[in-house]
Amino acid sequence: MALKKLNVPGVNPGSVDKLYGEDWNRLVDALTGNVAENITLTGLFKVSRPNADLAEFVDTSVGVKLKVRPITSGTRWMSFDIDVDGGGYVTDVLQLREQEVRINQQCNILANVESVFSAKRTSTGAVGYELGSNDATGGNVYIDLHTDSGDGDYRSRIIRNNGANGTFDLQQTGTGAIRLIGANVNVDSGKQLFLDGGGDTYLSEVAANQLRATAGGAEVWTAVQTALNVVQDLKLAAAKRLYLDGGGDTYIYESSANVLDFLAGNILAMRLTNVSASFGQALTIQNDQADLIRAYRPNNTPTTGSGIRFDLNDSAGNQEAYALIYGIIVTNTNGAEDGKLSFRTKKAGTMKNWMELLQDGTFRIYEDAGIKSVSLRHDGNNAILAVSSGDLVLQPGANVSIPSTKKLYLDGGGDTFIHEASANMLDIVSGGSVGISLRGTGQVWLRAGSGAADPTASDINAGYGMWWKNTTANEVRLWYNDGGTMKKSAALA
């Protein structure tokens, strides 16, 4: 039924709360759209059509129609359908009922005519939610999470900062951790996992299967599938252990200040301090080098040495040095260095230098005071045994063996010596001449002196005698110097 206006409407005097003809005509104009009119309802406006469409609103200028209807009898849902192009209604765009709203098409929430939030389903069935998709101001976009009404600005915040390369932040106001439960964190290859808010400390995969830790912009370590390369200092807190068996009983740690212990199977194998190194087990050094052990002391002062000390416990359980092998500088001239080796042992609580191997190959043995010595060396021609003072004494029970035809020199290697001239013939030679020759048959051969005259006291020392041949008289006599008086025997026939 079409609404019709009155041909002769009554005029509303303005003081009567009644509907006059003039009012009716204005209402018809407003409802039919002929004239723009404002209608003010002072009471509840009700449209009642059980189980039928309640209302339809049409804007004929743009072809938009909105229909309000119940969805199904008894469901208590109200549906809003819309037709924007005359192609028919899209049903259930908005559905309302007590304590629930359903939006079944893309939803945009506007602020200052700009899209702040939208929810939509794509043609492929994906559901999406967008914040700030049409924000012309280019500001930050964030979501605040609250846990109670008095928690201030926010408890946690998810924020995307402005710009094409703005950061994506997760902010937490309390001390609670940010956790991912039941999920992995995946970082694209070549990207960094920053640990300082995006500065210069991060983890990254620098190449395929190569993980690098960088701190302050400098590489700390790089791990590959088979190795860990540490390029900076590796620090452990005092008394903490570096396990080499996955946390079992083989490890390295600082047991006390400046004491580094190496344990294998919970047994102390080696201990290093700032002054020494000790081994709790037998030491085996295996290498293809000729000099397996090097004792180095960074010092070039003459008489300075470095060595190997042999320690044992004393009767009170104290660790004491009992012996020492010491390498000592004699001359430190570059390219012409000289050194010697000292062998020392402790006597009555004092370490004494008993033996030395000198730079020229001389082997020297010292007496208790370390001053007097006996030396053995070879000068390239002869082996020389020398004493600095005193006599060379052979203790009882010791023999001296000289190879056949070799000589026992009594003048330092000159022409006075004792030797076996031939088999079973011992000659005593003085000045290059045989004085006495002892034969294996028991014979003693004496060499006689000779001269053109008889001998004098200058030829034979007092208290000595000798056979003498006077070549002029052709006589052989035994002469004796008796305190300066020369005495002689009868001439031999």
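The values are calculated or read from the model by the stated rules, or taken from the named source; none is laboratory data. None of the values given here were measured: they were computed from a predicted structure. As a convention, Cβ positions derive from the backbone with ideal geometry for all residues, glycine included, and neighbour counts pool all protein chains shown.
When restricted to residues that are at pLDDT 90 or above and loosely packed, with under 10 Cβ neighbours inside 10 Å, the range 473-493 contains 5. Report yes if T42 is farther than 22 Å from N104 by Cβ, modelled with pLDDT under 75 and out of contact with any strand residue (DSSP E or B) (no Cβ under 8 Å at 6 or more places or on another chain), otherwise no. Against the criterion (farther than 22 Å from N104 by Cβ, modelled with pLDDT under 75 and out of contact with any strand residue (DSSP E or B) (no Cβ under 8 Å at 6 or more places or on another chain)), T42 qualifies.
Here the range 255-292 is the region considered, the condition is being farther than 22 Å from A321 by Cβ, surrounded by fewer than 10 Cβ atoms within 10 Å (Cβ to Cβ) and small (G, A, S), and the residue that is nearest to the chain's Cα centre (by Cα) is A257. Against the definition (over 30 Å from A208 (Cα atoms), surrounded by 10 or more Cβ atoms within 10 Å (Cβ to Cβ), of a type in the set (D, E, K, R) and in contact with a Leu (Cβ under 7 Å, 6 or more places away or on another chain)), how does R155 come out, yes or no? Judged against the criteria, R155 is a match. Here G335 meets each of (1) on the phi > 0 side of the Ramachandran plot; (2) surrounded by 10 or more Cβ atoms within 10 Å (Cβ to Cβ) with one exception, condition (2).
Yes/no matrix, rows are residues, columns are (1) in a strand (DSSP E or B); (2) of a type in the set (S, T, Y):
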| site | (1), (2) |
| --- | --- |
| A164 | no, no |
| Q171 | yes, no |
| G174 | no, no |
| A177 | no, no |
| A183 | no, no |
| N186 | no, no |
| E205 | yes, no |
| A213 | yes, no |
| T222 | yes, yes |
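For the range 72-126, the tally of residues that are under 19 Å from V141 (Cβ atoms) and either among the polar types (S, T, N, Q) or at pLDDT 80 or above (or both) stands at 5.
Would a scan of the range 451-461 turn up a residue that is closer than 30 Å to K406 by Cα, small (G, A, S) and either assigned to a strand (DSSP E or B) or at pLDDT below 90 (or both)? Taking every residue of the range 451-461 in turn, none turns out to be closer than 30 Å to K406 by Cα, small (G, A, S) and either assigned to a strand (DSSP E or B) or at pLDDT below 90 (or both).
Screening G132, G139, G128, G198 for residues that are in contact (Cβ under 8 Å) with a residue 24 or more places away in the chain and either surrounded by 10 or more Cβ atoms within 10 Å (Cβ to Cβ) or touching a helix residue (DSSP H, G or I) at 6+ places or on another chain (Cβ under 6 Å) (or both) leaves exactly one candidate, G198.
In the range 308-383, counting only strands (runs of 3 or more DSSP E) that sit wholly within it, the ones holding 1 or more residues that are over 42 Å from the mean Cα position of the chain (by Cα) and under 26 Å from S278 (Cα atoms) span 338-347, 350-357.
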